[in-house]
């Protein structure tokens, strides 16, 4: 349950007399109401408040639920007085301390008065009813947002005379602690459902005065208010914890997958086997194959790559693993290209970035040249190539080609040498370590992409060949489990 819904449920229990136990020795609410009536009659006699015409009696149809013994249903006007606030012009607002503070809707935050956003006006205030008093309830009576209409707070402290705006109302009574509970409860909110106009939402003085409120015995009012003061901080804490949990639930799936891949490239996902041929032997075979391809003229000889420094190494590798650079172990994009004017096999696979799902790297569709417009130069790739989307925000779009094809120039074919496992390389390129590296280096504002030299210089943690396959098997097993949990 959301914290807000929990709070509403607690307030509804309070309104129904179900939050604290009744005490048969409490003076019934009827006696309290007699005293309030006598006080109002005295104020009328003294000319401090006006005599108003009697309110209609409460009908049985208006009563939403039965009250405990000792409680009474009354109209809100019967237990207090209310007024609407001051009308002022924008030109009356002053930045000096000489003006009088005006309480507005923004000064009610989380059912309490907040004076951070306080304005002052120089308007002449002729009526005493436009000055708030300590203990008054400030109510948002009119607002463009229906959700804000009816929010209320008790004015607990006054350091100087204050007024309140025309879209606000105040309610004054000797039982305002209970009235405030009612005003923030679902019971009162229900009375607001029928008071909106076409252009603005409001609760009029007539609506406010005619609203019916359950009145408990005075001592029970105090017990309920004390209980709420005890409970509400716990509800607020629950809300914060639930919010944190919801954030965690949103981020946890991606963190699980990232953790799997990070463990994989650090050699922590599967156990090492001391009988595996070390990665250094694989690097020797890769070097020999590259030298042979250069001799045959199939690839160009490139300048030596810079040695790996200790400062570059992000973490320690297990025994038998080696750090190497991406350009040392793959043919980096040098796979040739085809022009659209050439005669092509119409059944050839043509791959674009949008064909690969972000995050999951799932191939969404496999288009053929005959089914898709082909009007630009494309790079060739062949089965077994690792296809890497080098354009941000697609830096984690990585697949292994299961057949020959052509692709957009924003997809980089990486052809592995010797018997390096392309599926292992795919997971390395999707790991947090590699993503952190490329995100730091991608350039350009509109179309940021990974530069060739930066790409070639990227560090790759290389396990023994046999362990590469074990890692691939374990990652794919865990990724399938993640998929069942809704993780892409």
Matching residues in the stretch 113-148 - criterion: being farther than 28 Å from residue 79 by Cβ, touching a helix residue (DSSP H, G or I) at 6+ places or on another chain (Cβ under 6 Å) and crowded, with 18+ Cβ neighbours inside 10 Å: 121, 123
Test: residue in the stretch 408-431 that is more than 30 Å from residue 464 (Cα to Cα), surrounded by fewer than 18 Cβ atoms within 10 Å (Cβ to Cβ), within 31 Å of the chain's Cα centre (by Cα) and at pLDDT below 90: no
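Against the definition (assigned by TED's automatic domain parsing to the domain that holds residue 212, out of contact with any helix residue (DSSP H, G or I) (no Cβ under 6 Å at 6 or more places or on another chain) and in a loop (DSSP other than H, G, I, E, B)), how does residue 78 come out, yes or no?
Details: assigned by TED's automatic domain parsing to the domain that holds residue 212: yes; out of contact with any helix residue (DSSP H, G or I) (no Cβ under 6 Å at 6 or more places or on another chain): yes; in a loop (DSSP other than H, G, I, E, B): no.
When the stated conditions are applied, residue 78 does not pass them.
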Residue within the stretch 447-464 that is in a helix (DSSP H, G or I), at pLDDT below 90, farther than 30 Å from residue 291 by Cβ and in contact with a helix residue (DSSP H, G or I) (Cβ under 8 Å, 6 or more places away or on another chain) present: no
Candidates 212, 260 - the one that is surrounded by 15 or more Cβ atoms within 10 Å (Cβ to Cβ), under 26 Å from the mean Cα position of the chain (by Cα) and at pLDDT 85 or above: 260
Some residue of the stretch 293-305 being assigned by TED's automatic domain parsing to the domain that holds residue 464, touching a residue at least 40 places away in the same chain (Cβ under 8 Å) and touching a helix residue (DSSP H, G or I) at 6+ places or on another chain (Cβ under 9 Å): yes
Considering residues of the stretch 86-112 that are more than 37 Å from the chain's Cα centre (by Cα) and within 23 Å of residue 149 (Cβ to Cβ) only, the residue surrounded by the fewest Cβ atoms within 10 Å (Cβ to Cβ): 87
Residue satisfying all of: in the stretch 369-384; out of contact with any helix residue (DSSP H, G or I) (no Cβ under 7 Å at 6 or more places or on another chain) and under 22 Å from residue 415 (Cα atoms); modelled with the lowest pLDDT among these: 377
Considering residues of the stretch 149-160 that are surrounded by fewer than 22 Cβ atoms within 10 Å (Cβ to Cβ) and modelled with pLDDT of 95 or more only, the residue farthest from the chain's Cα centre (by Cα): 155
Members of the stretch 56-75 found to be exposed (fewer than 14 other Cβ atoms within 10 Å of the Cβ), part of a loop (DSSP other than H, G, I, E, B) and touching a strand residue (DSSP E or B) at 6+ places or on another chain (Cβ under 7 Å), listed by number: 63
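Just a yes or no: is a residue in the stretch 245-255 assigned to a helix (DSSP H, G or I) and at pLDDT 95 or above? I'd like the intermediate steps shown before the answer.
Narrowing the stretch 245-255 to residues assigned to a helix (DSSP H, G or I): 245-255.
Adding the requirement that they be at pLDDT 95 or above leaves none.
Scanning the stretch 245-255 turns up no residue that is assigned to a helix (DSSP H, G or I) and at pLDDT 95 or above.
Does residue 95 satisfy the criteria of being in the same structural domain as residue 211 (by TED's automatic domain parsing) and farther than 30 Å from residue 119 by Cβ? Break it down into steps so the answer makes sense when it comes.
Details: in the same structural domain as residue 211 (by TED's automatic domain parsing): yes; farther than 30 Å from residue 119 by Cβ: no.
So residue 95 does not fit the description; no.
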Selection count where residues are modelled with pLDDT under 90 and in a loop (DSSP other than H, G, I, E, B), scope the stretch 318-341: 7
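The values are calculated or read from the model by the stated rules, or taken from the named source; none is laboratory data. Computed from a predicted model, the values in this text were never measured in an experiment. Methodologically, a virtual Cβ is constructed for each residue, glycine included, from the backbone with ideal geometry; neighbour enumeration extends over all protein chains shown.
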